[in-house]
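To start, the structure itself, in structure tokens.
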Amino acid sequence: MRFPLSLTLSTARYMLRKKLSGEKKFPLVLMLEPLHACNLKCNGCGRIREYADTLGQRLSVNECLQAVEQCGAPIVSICGGEPLLYPEIIELADRVLQQGKHIYLCTNGVLLEEKLPDFVQLANRNRRTKGRLYWNVHLDGTADVHDAITGRPGTFEQALSGIIAAKIAGFYVYTNTTLYKTGTVSDLVALAERLHAVKIDGMMIAPGYGYDAVQNEPFFLNRMEIHELFKEIRQELRRFRTTATPIYMDFLCGERQLPCAAWANPTRNVRGWKSPCYLITDGHCETFVDFMQQTDWTKIGPGVDFRCANCMMHCGYEPAAVLFGNRLRDIVRLAFWQFSDIY
């Protein structure tokens, strides 16, 4: 099974309630950034550039919990920045889990092995916790590729040691790989083989593109390059457990069109609710309701906003693959994919 059954069922129940109530736009995942400070300076990271003047600031635990309550999404992705640098990370995770949410704790993995005993203690206080707290470790390739992107030798091995420790401790562990022009399919396959050997639960793979904060960097992919790259990836990674839905993969390969559903993955950070999306900032709203109502959703997307021309990121299009894949064939494909170990 590609995702835990509890996560699948709670998300399905949530979506059914929303659709039966007639809501057209609703969040699936809250991207919660309690801080933007990080222990790495990765080439593709826009946060340390865009929020350079607020790297010393952070949300309080209560502000984070208010965001979780306002949004109401069943899944909370605690990211940043590096969330393991957040001093109250254990308290935050504990209290979010107490609200019945599922957490993806997104980390570069450098501190994972060091901080893991605290999360084991948290899980031991409530046996249900471990089943709703998942690690999402960012790895952009094998050691040489990943360490070049992070700018620090040894970061790949540190992250891998953390992944192994988390799996031994009984946690679900996923990885997140962003592909740039510097990456190759052969390196991605080598990474998949290495991760398969340590029994990770899934690989998320997404294309990098030159959004606002990093648009002048030379290693980002354009739309045609993404199509060609992912056609090859789909063939080469069939035997591995990836987390890109088959509908989203069709989109990445240029075989299907999807609308952007940026509103499904809202971002809350130290400045407020980031509008219009995770990657583009026109402003920050004070509340989640303001974010949903004040953002003009008709003015974002390819052909509407030039900044979206090459964007095929999972934060906007993966939820669209789930929300708008309503044909019977799509439902059957998604069900088969969820309950299988191959693509």
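The values are calculated or read from the model by the stated rules, or taken from the named source; none is laboratory data. Remember, predicted model here, so these are calculated numbers, not experimental data. Glycine gets a Cβ as well: all are built from the backbone with ideal geometry, and neighbour counts include every protein chain shown. With ligands, DNA and RNA removed, areas are computed over all heavy atoms of the protein, side chains included. Shrake-Rupley method; radii C 1.70, N 1.55, O 1.52, S 1.80 Å.
Think of region 210-310 as having a plus end and a minus end, set by charges on the Cβ of Lys, Arg, Asp and Glu; of Trp263, Cys253, Thr298, Cys253 sits farthest toward the positive end of this dipole.
Extension gain for Arg125 to Thr182 (0.36 nm times residue separation, less C-alpha to C-alpha distance): 16.1 nm. A Förster radius of 30 Å, combined with the Cβ-Cβ distance separating Glu193 from Ser340, puts the computed FRET efficiency at roughly 0.95.
Measuring nothing but how far apart in sequence close Cα pairs (under 8 Å, 6+ apart) lie, relative to its length, region 105-260 scores a relative contact order of 20 percent. In this structure, Thr8 and Arg223 have a Cβ-Cβ separation that, at R0 = 35 Å, corresponds to a calculated FRET efficiency of about 0.70. Using a probe radius of 1.4 angstrom, the carbon and sulfur fraction of the accessible surface of the chain is 53%. Summarising the overall dimensions of region 236-343 from its C-alpha atoms, the Rg and Dmax are 15.6, 45 angstrom. Charges were assigned to the Cβ only: +1 to each Lys and Arg, -1 to each Asp and Glu. The resulting dipole of the chain about its Cα centre is roughly 1280 debye. When peptides 288-294, 198-204 are ranked by their average number of other Cβ atoms within 10 Å per residue, the highest-first order is 198-204, 288-294. Under a 5 Å amide H cut-off, with hydrogens placed 1.01 Å from N, Cys38 pairs with Glu82 among residues at least 5 apart or on other chains. Probing with 1.4 Å while keeping every protein chain in the model, the per residue accessible area of the chain equals 43 Å². Only helices enter the 222 nm calculation for the chain: every DSSP H run of n ≥ 4 contributes -39,500 (n - 2.57), and dividing by all residues gives -12500 deg cm²/dmol, rounded to 500. In summary, no helical segment of the chain meets the span-like criteria, namely a full DSSP H run, a Cα extent along the axis of 30 angstrom or more and a mean Kyte-Doolittle hydropathy of at least 0.5. Farthest toward the positive end of the dipole of the chain, out of Gln338, Ile233, Leu105, is the Cα of Gln338, where the dipole comes from beta carbon charges about the Cα centre.
Rounded, prolate or oblate: which fits the chain, taking a ≥ b ≥ c as square roots of the Cα gyration tensor eigenvalues, rounded meaning a/c under 1.5, else prolate when a/b beats b/c? Here the chain falls in the rounded category.
Put a dot 7 Å past the Cα of Asp144, heading toward its Cβ, do the same for Asn62, and the two dots end up 5.3 nm apart. When the chain is treated as a GNM with alpha-carbon contacts under 10 Å, the residue of Ala320, Ala192, Ala12 showing the greatest mean-square fluctuation is Ala12. Straight-distance candidates among the lysines for linking to Lys24, with alpha-carbon spacing under 23 Å and chain neighbours fewer than 8 residues away dropped: Lys101, Lys274, Lys299. Taking a ≥ b ≥ c as the square roots of the eigenvalues of the alpha-carbon gyration tensor, region 179-294 is classed prolate because a/c is 1.5 or more and a/b outweighs b/c. For region 148-258, a crude dipole built from +1 on the beta carbon of Lys and Arg and -1 on the beta carbon of Asp and Glu, taken about the Cα centre, is about 340 debye to the nearest 20.
In loop segments of region 48-139 as defined by DSSP, the GluC sites (Glu not before Pro) with at most 16 further C-beta atoms inside 10 Å of their C-beta are Glu88.
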